[in-house]
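What follows is a short report on a single structure.
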Amino acid sequence: MVPVMAPVMPAAAADLIDVPTKVQACFTAADVDALLALRRDLHEHPELAFTEMRTCAALEQALIRAQPVSVHRVAGTGLVARIRGRNPAAPVVAVRGDIDALPIQEATGLPYASQTPGVMHACGHDVHASWAVGAAYLLARTPATGDVLVVLQPAEETGEGAAAILASGALDGVAAIFGAHVDRRFPVGQVVAQPGSLAAAADTFRIVLRGRGAHGARPHESADPILGAGLLIAALQGVVARRVNPSTPAVLTVATMAAGTASNVIPESATLGGTLRATDPATRTLLAEELRRIAEGIALAQGLRAEVTIELGPPPIVNPEGPASWARAAAEGLVGRDGVVPLGITNMGGEDFAYYMERIPGAFLRIGAREAGGDPTPAHTPRFVAADGSLFVGAAVLAETARVASAALSSPS
Ligand SMILES: [Zn+2]
Ligand SMILES: [Zn+2]
């Protein structure tokens, strides 16, 4: 970690008081102003997956401030910036920030709250996009050994963006990739950079039970899909309770149900939908098989037909030792040993960064985003907001992780 200029974080930025000194020292006053303005602009104008046109343009403008940099549009509304390293022949490392928002009505009351009704940066991707730009500034000023690609990825929330970036070929030949997520369970200044499970596989299911409709007063003439759906919902609770090894994390949530139009009509069909979460491939397969078996079994018992569709989402994220150790070394240098903390839970959330890690070695981090005295408001809720300070910690840690990884990959071992 080489601070290039004197620490010039403006004293007026009192909300950055909880940012560790070594992180502050990485940024000039102009960086701080530009990144805070960018973050507020993105937050005020959130855009949903693959519609991030304005966001993409704003990020492109912000990236161009980092010289030397070349910026290319990829995957529709995504960007890849190449920051030159000291050795053009050295392996290339990538840093990724996601940029999309969620269909949630914001209730933070912030002066820079969303101006778009029903759309909100409720997952902190405004901060992720800004810290990726911040990392580009830092890497342009203090280059890594090899080139670093800064990836601004659309459509994380729908699980489609990472695959689209990979399909574009923009990351072909990249030797390592790093990403991170804000987390209000941790205060600003704490970072999770560890090997092992960081996010779960997130698969989606849909079950249509087809029966025979009838008059509500003559149920004996029906094959009732609503009764079948009720029995099925209850039976599905037994999958995690009775089929999954208790030492293995798993979730089966029925989240939607739709059936019927009138109180005196037994409908022809009922539809259930939900999500399956697991942190290892065997449990992931078991959940899908059990869901299918039980749906078909209950349908058979009730004289119904079950149509089960399982759409595979991102696989689990399991950080390998090597890349996790580079990230940890980088984080320790910036937030100190005490600032690098264990995740402490099994995260059953999904994250499409997992698609990169199927192809490219890497690591995924969590960046503390709770301001002093704040509460651990969960992401995907109308009052979620990541503290400003997390932007600078994320930018500095990702830039330094790229430098450490680049140096390690370049040195013959
Ligand atoms: Zn999210
Ligand atoms: Zn997110």
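The values are calculated or read from the model by the stated rules, or taken from the named source; none is laboratory data. From a predicted model like this one, the values you see are computed outputs, not experimental measurements. As a convention, Cβ positions derive from the backbone with ideal geometry for all residues, glycine included, and neighbour counts pool all protein chains shown. For the accessible areas, the whole protein counts, side chains as well, though only heavy atoms, and no ligand, DNA or RNA atoms are used. Shrake-Rupley method; radii C 1.70, N 1.55, O 1.52, S 1.80 Å.
If you go through the range 192-208 one residue at a time, do you hit one that is assigned to a loop (DSSP other than H, G, I, E, B) and open to solvent by 30 Å² or more (accessible area, probe 1.4 Å)?
The answer is yes; a qualifying residue exists.
Given the condition touching a Phe, Trp or Tyr at 6+ places or on another chain (Cβ under 9 Å), open to solvent by 20 Å² or more (accessible area, probe 1.4 Å) and not in a strand (DSSP E or B), answer yes or no: does some residue in the range 268-281 qualify?
The initial filter retains those residues of the range 268-281 that are touching a Phe, Trp or Tyr at 6+ places or on another chain (Cβ under 9 Å), namely 272-276.
When the remaining residues are screened for being open to solvent by 20 Å² or more (accessible area, probe 1.4 Å), the result is 275.
Keeping just the survivors that are not in a strand (DSSP E or B) gives none.
Taking every residue of the range 268-281 in turn, none turns out to be touching a Phe, Trp or Tyr at 6+ places or on another chain (Cβ under 9 Å), open to solvent by 20 Å² or more (accessible area, probe 1.4 Å) and not in a strand (DSSP E or B).
Do we find that Asp98 is touching a residue at least 24 places away in the same chain (Cβ under 8 Å), in contact with a strand residue (DSSP E or B) (Cβ under 7 Å, 6 or more places away or on another chain) and more than 16 Å from ligand 1 (Cβ to nearest atom) in this structure? Let's see the steps before the verdict.
Details: touching a residue at least 24 places away in the same chain (Cβ under 8 Å): yes; in contact with a strand residue (DSSP E or B) (Cβ under 7 Å, 6 or more places away or on another chain): yes; more than 16 Å from ligand 1 (Cβ to nearest atom): no.
The answer is no for Asp98.
Any residue in the range 367-393 that's within 12 Å of ligand 2 (Cβ to nearest atom) and open to solvent by less than 30 Å² (accessible area, probe 1.4 Å): show its pairings with residues that are aromatic (Phe, Trp, Tyr) and at pLDDT 95 or above at Cβ separation under 8 Å, as long as the two are six or more apart or on different chains.
Matching pairs, first to second residue: Ile367/Trp131; Ile367/Phe186; Ala369/Phe186.
Give the range 67-101 a look and list any residue that's open to solvent by 30 Å² or more (accessible area, probe 1.4 Å), assigned to a strand (DSSP E or B) and modelled with pLDDT of 95 or more, or say none.
Hits for the range 67-101 are Val71, His72, Arg73, Arg82.
Condition check: out of contact with any Leu (no Cβ under 9 Å at 6 or more places or on another chain), surrounded by 14 or more Cβ atoms within 10 Å (Cβ to Cβ), at pLDDT 95 or above and of a type in the set (A, V, I, L, M). Does Ala34 satisfy that? Lay out the reasoning, then the answer.
Details: out of contact with any Leu (no Cβ under 9 Å at 6 or more places or on another chain): yes; surrounded by 14 or more Cβ atoms within 10 Å (Cβ to Cβ): yes; at pLDDT 95 or above: yes; of a type in the set (A, V, I, L, M): yes.
Against the criterion (out of contact with any Leu (no Cβ under 9 Å at 6 or more places or on another chain), surrounded by 14 or more Cβ atoms within 10 Å (Cβ to Cβ), at pLDDT 95 or above and of a type in the set (A, V, I, L, M)), Ala34 qualifies.
Taking the residues in the range 128-163 that are within 12 Å of ligand 1 (Cβ to nearest atom) and surrounded by 24 or more Cβ atoms within 10 Å (Cβ to Cβ) as candidates, determine which candidate is nearest to the chain's Cα centre (by Cα). Don't jump to the end; show me each part of the working.
Of the residues in the range 128-163, the ones within 12 Å of ligand 1 (Cβ to nearest atom) are 128, 155-159, 161.
Add one more test, that the residue is surrounded by 24 or more Cβ atoms within 10 Å (Cβ to Cβ), and what stays is 128, 155-156, 161.
Details: His128: 9, Ala155: 10, Glu156: 6, Gly161: 11 Å.
Among them, the one singled out is Glu156.
In this structure, is Leu236 assigned to a strand (DSSP E or B), within 17 Å of Thr285 (Cα to Cα) and open to solvent by less than 40 Å² (accessible area, probe 1.4 Å)?
Details: assigned to a strand (DSSP E or B): no; within 17 Å of Thr285 (Cα to Cα): yes; open to solvent by less than 40 Å² (accessible area, probe 1.4 Å): yes.
When the stated conditions are applied, Leu236 does not pass them.
Scan the range 168-179 and tell me whether some residue there is within 16 Å of ligand 1 (Cβ to nearest atom), touching a Phe, Trp or Tyr at 6+ places or on another chain (Cβ under 6 Å) and farther than 20 Å from Leu391 by Cα. It would help to see each step written out before you state the result.
Taking the range 168-179 and keeping what is within 16 Å of ligand 1 (Cβ to nearest atom), we get 179.
Still in the list and also touching a Phe, Trp or Tyr at 6+ places or on another chain (Cβ under 6 Å): 179.
Imposing the further condition that a residue be farther than 20 Å from Leu391 by Cα reduces the set to none.
Taking every residue of the range 168-179 in turn, none turns out to be within 16 Å of ligand 1 (Cβ to nearest atom), touching a Phe, Trp or Tyr at 6+ places or on another chain (Cβ under 6 Å) and farther than 20 Å from Leu391 by Cα.
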